[in-house]
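Below is one structure, written out as structure tokens; the observations come after it.
The values are calculated or read from the model by the stated rules, or taken from the named source; none is laboratory data. These figures come from a predicted structure and were not determined experimentally. Positions of Cβ are backbone-derived with ideal geometry, glycine not excepted, and every protein chain shown enters the neighbour counts.
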């Protein structure tokens, strides 16, 4: 017997660290054909923010670095990684380059979704150079995936209202800015989506990724997509339709007809639930059991990333919450809706989940 | 009573009448006054909103509104309250300073700095209508 060398030791320590941090044993394989089972990871809303020169906001950098490092430790390995948009804060080359460099450390194929913070400086031009088309679809092991750019808005606002691109970006970057404008997928993309879905069998599991919720929750913060109803109508014929969105920096989930909705967390910072704005009229899905109220003294609290399995053709969303108890929101076939596996029963909910 | 004594007595009476405000009307205000005061308050709220959404309080470009849109999740109605992480009862302005120092990487404001008053005025305005709940976590 030889003594373990340093490399073996480090390898072992790495595996141990991963096993203690990640809920890897939760992965259940459900397809009859084991070769078809797969999982993927979802990282979103990094908001990489340039200060000047080579300096970026440390706090937001740390969130993305951690998500990438932990995703690389996943066992079994995810088939691919989604990045859900808002890689940058103000859409600059410096921010997108710095973010892209961090994402490049992922050991897996990565698909990206456009966020408004990536878009409104140059209308997605530099982002597209780095990451490719702004809307597209792909098939993977029997699931049809669609990526939409859902952060477009009225042409008047985009092209006529602001004297400079920088100002346009700043106006859209303020979540609560009354000068903002509602997000939309738009007619051109809906036409494309209609054609794309025509060729897909309606029993094929369908996963749609967008940055904004493809449902109307709170218009004041653009937890909203103006043409959500029209997009939902296109997804309606599918028996297993799922929408996964970013933007909201918090746990949300909902069921509308046959369409399941799941949000993902940000790696940068959490946002309040709309009900904690006393002047807001809002419609947080009643189904949602909120994430815990953030403890600001732990700078990564209420941020995190997701590990998703779609082995039932429906989403089981495993939230890796830094500085907090992990949560799983999974489609429950018995009730036909996504539910938190631990907290759905009101009797089991805990004080930190009360937002006011 | 001598002439001098009566003069002193007279002056004392006049002084006491003055001190009790005889002949003056206390705070009888008009609608125009109310409008002016509201305008004064709103101008400070506006200043507070500008500070809330601007990077000038910190050094790294981060603004309060990035994590607290419309000043949500600040709960001004619960202060002063026990802040478990600091281990004592604090005023809202101390928590505002904590945020300026940590996420914004800035220098704390004096507690009576007019910018601090403006920030509090804005936070309170966004929270109007909510009942006081001192000490609530």
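In the stretch B:62-79, how many residues are assigned to a helix (DSSP H, G or I) and on the phi > 0 side of the Ramachandran plot?
Qualifying residue count for the region: 2.
To keep it simple, each residue is scored yes or no on (1) over 22 Å from residue A:213 (Cβ atoms); (2) out of contact with any helix residue (DSSP H, G or I) (no Cβ under 7 Å at 6 or more places or on another chain).
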{"residue": "A:126", "(1), (2)": "yes, no"}
{"residue": "A:137", "(1), (2)": "no, no"}
{"residue": "A:160", "(1), (2)": "yes, yes"}
{"residue": "A:176", "(1), (2)": "no, no"}
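Can you name the residue in the stretch A:325-356 that is outside any loop (DSSP other than H, G, I, E, B) and within 14 Å of another protein chain (Cβ to nearest Cβ) and is also nearest to residue A:240 (Cα to Cα) among such residues?
Among those that are outside any loop (DSSP other than H, G, I, E, B) and within 14 Å of another protein chain (Cβ to nearest Cβ), it is A:353.
Against the condition more than 21 Å from residue A:221 (Cβ to Cβ) and either within 14 Å of another protein chain (Cβ to nearest Cβ) or in contact (Cβ under 8 Å) with a residue 60 or more places away in the chain (or both), how does residue A:320 come out, does it pass?
yes
Can you name the residue in the stretch A:297-313 that is part of a loop (DSSP other than H, G, I, E, B) and in contact with a helix residue (DSSP H, G or I) (Cβ under 7 Å, 6 or more places away or on another chain) and is also nearest to the other protein chains (Cβ to nearest Cβ) among such residues?
Only one residue tops the list, namely A:299.
Which members of the stretch A:224-279 meet the condition of being in a loop (DSSP other than H, G, I, E, B), surrounded by fewer than 22 Cβ atoms within 10 Å (Cβ to Cβ) and within 11 Å of chain B (Cβ to nearest Cβ)?
A:278, A:279
Take the stretch B:116-136 and flag every residue that is within 14 Å of another protein chain (Cβ to nearest Cβ) and at negative phi.
Across the stretch B:116-136, the qualifying residues are B:122, B:123, B:124, B:125, B:126, B:127, B:128, B:130, B:131, B:132, B:133, B:136.
Is there a residue in the stretch A:46-56 that is at pLDDT 95 or above, away from chain B (no Cβ under 14 Å), crowded, with 23+ Cβ neighbours inside 10 Å and part of a loop (DSSP other than H, G, I, E, B)?
No.
For the stretch A:69-95, which positions are surrounded by fewer than 24 Cβ atoms within 10 Å (Cβ to Cβ), away from chain B (no Cβ under 14 Å) and closer than 19 Å to residue A:211 by Cα?
Passing the criteria: A:80, A:81.
Report yes if residue A:268 is at pLDDT below 95 and farther than 23 Å from residue A:242 by Cβ, otherwise no.
no
Applying the selection to the stretch A:57-68, what residues are assigned to a helix (DSSP H, G or I) and within 14 Å of chain B (Cβ to nearest Cβ)?
If the condition is that a residue be assigned to a helix (DSSP H, G or I) and within 14 Å of chain B (Cβ to nearest Cβ), then A:58, A:59, A:60, A:61, A:62, A:63 are the ones that fit.
Does the stretch B:91-115 hold any residues that are within 13 Å of chain A (Cβ to nearest Cβ) and not in a helix (DSSP H, G or I), and which are they?
Once the filter is applied, which keeps residues that are within 13 Å of chain A (Cβ to nearest Cβ) and not in a helix (DSSP H, G or I), the stretch B:91-115 yields B:102, B:103, B:104, B:105, B:106.
Kindly indicate the residue of the stretch B:55-89 that is touching a helix residue (DSSP H, G or I) at 6+ places or on another chain (Cβ under 7 Å), within 7 Å of chain A (Cβ to nearest Cβ) and over 18 Å from residue A:178 (Cα atoms) and also surrounded by the most Cβ atoms within 10 Å (Cβ to Cβ) among those meeting that condition.
B:62
Considering only the stretch A:214-223, how many residues are within 14 Å of chain B (Cβ to nearest Cβ) and not in a helix (DSSP H, G or I)?
4
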